[in-house]
1. Please determine whether any residue of region 242-254 is at pLDDT 95 or above, part of a helix (DSSP H, G or I) and of a type outside the set (Val, Ile, Thr).
2. Tell me, which strands (runs of 3 or more DSSP E) wholly within region 1-89 include 2 or more residues that are modelled with pLDDT under 95 and either under 13 Å from the mean Cα position of the chain (by Cα) or surrounded by fewer than 21 Cβ atoms within 10 Å (Cβ to Cβ) (or both)?
3. Go through 67, 89 for me and flag whichever is within 9 Å of the ligand (Cβ to nearest atom) and among the aliphatic types (A, V, I, L, M).
4. Go through (1) among the acidic types (Asp, Glu); (2) surrounded by fewer than 21 Cβ atoms within 10 Å (Cβ to Cβ); (3) in contact with a strand residue (DSSP E or B) (Cβ under 9 Å, 6 or more places away or on another chain); (4) closer than 20 Å to residue 184 by Cβ one by one and return the number of the condition residue 136 breaks.
5. Quick check on region 109-131: of everything there that is assigned to a helix (DSSP H, G or I) and farther than 16 Å from residue 80 by Cα, which residue is farthest from the ligand (Cβ to nearest atom)?
6. What is the residue count in region 90-108 for residues that are part of a helix (DSSP H, G or I), touching a residue at least 40 places away in the same chain (Cβ under 8 Å) and closer than 18 Å to residue 47 by Cβ?
Amino acid sequence: MITPAEIKLNNSIIFGTFFRNVESEDGKIVYRGDTAICRNDIYFPDVIDFLDNKYKNTSKVNVVMHACSDGEEAYSFLSVLLAQLKEKAAKFLPLDARDIDLNHLRLAKRGIYNITKSEYEIANESLNGNFYMFFEPMPSLGSKDPRLKYTKTVKVEHSLKSLVKFKQADIIEDVKHMDLKNTILFARNFWPYLPTNRVVELADLLSEKADNSFTLIIGDYDRVIVDLLRDKGFVEIAENIFEKPKNLEYDSRIYDYEYNSIY
Ligand SMILES: C[S@@+](CC[C@H](N)C(=O)[O-])C[C@H]1O[C@@H](n2cnc3c(N)ncnc32)[C@H](O)[C@@H]1O
């Protein structure tokens with residue numbers, strides 16, 4: 001049976017992405033990115049506060065970042081995690097970052113990015129002014145894309161790179177074999193890439209395997225699946241963050257969040 005959420009999803013055929021060209025000296029496009037440093041649909045310091053609190057009594061937490069694209073999201077999360085939690089970050093490491101696309105993963109392992117002024121400002125603010133502890137300035141790669149004004153080209157610090165393991169994988173095949181206990185799954189700004197039947201398959205798989213120690217984090221472009229996630233027993237516990245509680249009635253945080261979002 002098709003649910004209203006699935007019908008809504010079927011109609012969402014347009015998926016806008018933030019993208020930019022990175023060009024070589026002679027103006028050839030080296031790659032086209034569709035992600036950002038500290039993409040501002042979640043605020044990493046708040047997400048990390050939430051995770052720190054949720055897992056305060058857990059000694060090891062698995063963090064899997066799927067659809068990680070060219071790695072900017074992975075390095076953003078890791079840098080804020082280290083800056084904010086210091087030695088307490090260890091139980092969240094290493095970060096398993098995965099994407100279906102080998103070209104994106106090649107760029108992720110390279111870790112060199114052109115960034116805009118606003119990306120730098122959000123990242124530097126999220127890192128308490130310590131942006132350059134994690135991202136080294138380097139000579140500009142340049143770009144002729146008139147829509148974006150890059151201010152900096154940066155290279156991810158070696159120590160940050162060593163904390164992430166990039167691997168190619170299809171999220172659905174991966175989730176089939178994944179233990180979701182004490183696991184955080186970032187699956188952000190990618191759901192509309194999947195055909196509807198695969199979206200439902202993934203939501204079903206997560207719902208069957210998850211308990212309340214699991215956390216799912218989505219992006220603004222994924223809001224079309226929120227009703228579907230609710231149909232599958234997930235609740236939005238903070239903006240773009242979902243859990244599958246044991247007992248809906250007795251989790252006051254759900255009502256607090258929903259009350260605050262409505263009023
Ligand atoms: C718009 S990017 C999202 C990047 C990042 N998560 C963010 O929010 O900025 C979407 C990514 O989804 C990846 N993707 C698409 N289908 C996938 C699948 N079945 N399994 C894993 N990754 C997939 C694409 O290769 C692409 O890198």
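1. no
2. Numbers: elements: 20-23, 29-33, 62-66.
Hits in region 1-89: 20-23, 29-33.
3. Of the residues listed, the single one that is within 9 Å of the ligand (Cβ to nearest atom) and among the aliphatic types (A, V, I, L, M) is 67.
4. It is condition (4) that residue 136 fails.
5. Filtering region 109-131 down to residues assigned to a helix (DSSP H, G or I) leaves 109-110, 117-126, 131.
Next, from what is left, pick out any that are farther than 16 Å from residue 80 by Cα: 109-110, 117-118.
On the way: 109: 14, 110: 15, 117: 18, 118: 15 Å.
Out of the qualifying residues, it is 117.
6. So the count comes out to 1.
The values are calculated or read from the model by the stated rules, or taken from the named source; none is laboratory data. Since we're looking at a predicted model, the values are computed, not measured. Virtual Cβ from ideal backbone geometry, glycine too; neighbours counted across all protein chains shown.
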